[in-house]
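One structure is given here, and the rest of the page talks about it.
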Amino acid sequence: AKEAGRATYQFFTPELNRRASDRMWTENNLRRALANNELELHFQPQFSLDGRRLIGAEALVRWRQPDGTLIMPGQFIPVAEDTGLILPLGDWVLGEACRRAAELLRHQDLMIAINLSAVQVRRPGLAERVAGWLSAYGIPPSALELEVTESVLMDDSDVVSETFSQLREMGVPLAIDDFGTGYSSLAYLKRFRVDKLKIDRSFVSGLRAGNPDSGAIAEAIIGMARSLRMQTLAEGVETEEQYHCLATMGCDQCQGYLLGRPMPYEDFLAFVRRDAGT
Ligand code: C2E
Ligand code: CA
Ligand code: CA
Ligand code: CA
């Protein structure tokens with residue numbers, strides 16, 4: 001037993017150490033990254049399912065190291081959430097997304113989706129921050145869409161309901177990200193106006209033509225959304241087969257590697273200009 005214990009110890013420790021030091025490194029450097037403007041937003045195009053019209057993009061944050069390497073959000077967003085750095089980071093994302101939206105709107109009528117962390121929504125004043133950025137860049141509230149996960153809407157704090165009713169009054173659309181992967185209670189759908197459900201990639205990846213079981217959950221979400229007058233967007237669409245299944249089920253929109261990967265702003269601008277013919 002002693003031998004086995006030692007073996008386990010040796011097996012796990014390097015991995016745990018590596019993770020702990022990664023975290024420490026991230027924490028120490030993220031503050032500098034914000035100050036030095038090392039963050040950038042990439043844009044993943046979103047399309048209507050019938051007609052494949054470009055309708056907008058999801059803004060996804062990346063961290064560009066001084067040596068050019070790109071760090072993905074999965075590596076630093078959780079650390080930012082734990083340390084509170086998500087507040088300045090999230091505010092930077094909002095401002096930068098609005099700045100980019102203002103330029104994109106000169107070429108085409110598009111909508112830019114922004115991810116919000118629970119920490120940002122639970123902190124009073126989010127709606128005012130959004131209003132401030134909208135007016136700073138002169139863009140309409142309908143040019144944005146704010147994405148939150150189900151857990152945020154399960155929060156019954158006054159701050160959260162107040163923020164969502166302010167955003168609603170302002171006319172900023174709200175989408176639920178990774179829909180179907182979080183809480184099982186749907187009661188929040190009655191408390192908050194939700195404009196769109198984003199069907200999680202896990203319900204899209206298995207879709208097979210001629211196999212109705214493979215689409216049972218996606219189809220149920222689309223049906224529920226329709227009866228509650230919400231739109232649906234399927235995430236992670238990678239194949240024509242998945243696209244075809246979703247179109248058959250009446251899903252409204254999609255994004256995924258099939259039609260476009262997240263790309264730097266300049267590339268997305270070129271994409272939009274080509275699409276708009278400007
Ligand atoms: P998410 O919001 O669910 O974003 C979708 C993720 O799926 C993105 O990963 C995107 O690059 C990836 N993806 C898109 N299409 C496909 C596909 O066809 N196949 C596959 N396998 N993946 C696809 P990314 O950019 O690494 O972002 C990961 C997560 O980090 C996001 O998940 C979101 O939760 C978070 N995140 C990203 N940007 C922000 C931000 O500005 N603020 C906050 N709070 N979170 C962010
Ligand atoms: Ca998202
Ligand atoms: Ca998602
Ligand atoms: Ca996610």
**Message:** I want to confirm something. Restricting to the range 50-59 and keeping residues that are in a loop (DSSP other than H, G, I, E, B) and either open to solvent by less than 40 Å² (accessible area, probe 1.4 Å) or of a type in the set (D, E, K, R) (or both), which single residue is farthest from LEU246 (Cα to Cα)?
**Reply:** ARG53
**Prompt:** Which numbered condition trips up ARG100, out of (1) without any contact (Cβ under 8 Å) to a residue 60 or more places away in the chain; (2) under 22 Å from ALA143 (Cα atoms)?
**Reply:** (1)
**Asked** Can we say VAL172 is open to solvent by less than 50 Å² (accessible area, probe 1.4 Å), touching a residue at least 40 places away in the same chain (Cβ under 8 Å) and under 20 Å from ALA101 (Cα atoms)?
**Response** yes
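For the condition under 28 Å from ASN29 (Cβ atoms) and either open to solvent by less than 10 Å² (accessible area, probe 1.4 Å) or at pLDDT 95 or above (or both), what is the one hit in ARG62, ARG106? Step through it out loud before you land on a result.
Numbers: ARG106 fails: under 28 Å from ASN29 (Cβ atoms).
Within the list ARG62, ARG106, the selection yields ARG62.
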**Message:** Please list, ordered by residue number, the helices (runs of 4 or more DSSP H) wholly in the range 167-254 having 2 or more residues that are within 12 Å of ligand 1 (Cβ to nearest atom).
**Reply:** 240-249
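Looking at VAL194, is it touching a Gly at 6+ places or on another chain (Cβ under 9 Å), at negative phi, within 16 Å of ligand 3 (Cβ to nearest atom) and touching a residue at least 24 places away in the same chain (Cβ under 8 Å)?
No.
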**Prompt:** From the list LEU94, LEU89, which one is without any contact (Cβ under 8 Å) to a residue 40 or more places away in the chain, closer than 15 Å to TRP133 by Cα and open to solvent by less than 10 Å² (accessible area, probe 1.4 Å)?
**Reply:** LEU94
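Just checking, which of GLY138, GLY206, GLY210, GLY215 is over 26 Å from GLU241 (Cα atoms) and small (Gly, Ala, Ser)?
After ruling out the rest, the residue left standing is GLY138.
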**Request:** Answer with yes or no whether LEU116 is within 16 Å of ligand 3 (Cβ to nearest atom) and under 26 Å from MET154 (Cβ atoms).
**Result:** yes
**Message:** Looking at (1) outside any helix (DSSP H, G or I); (2) under 21 Å from the mean Cα position of the chain (by Cα), which one does GLU266 not meet, given that it meets all the others?
**Reply:** (1)
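The values are calculated or read from the model by the stated rules, or taken from the named source; none is laboratory data. Owing to the predicted nature of the structure, the values given are computational and were not obtained by experimental measurement. Heads up, the Cβs are rebuilt from the backbone with ideal geometry, glycines too, and the neighbour counts pull from every protein chain shown. Just the protein is used for accessible areas: all its heavy atoms, side chains included, with ligands, DNA and RNA removed. Shrake-Rupley method; radii C 1.70, N 1.55, O 1.52, S 1.80 Å.
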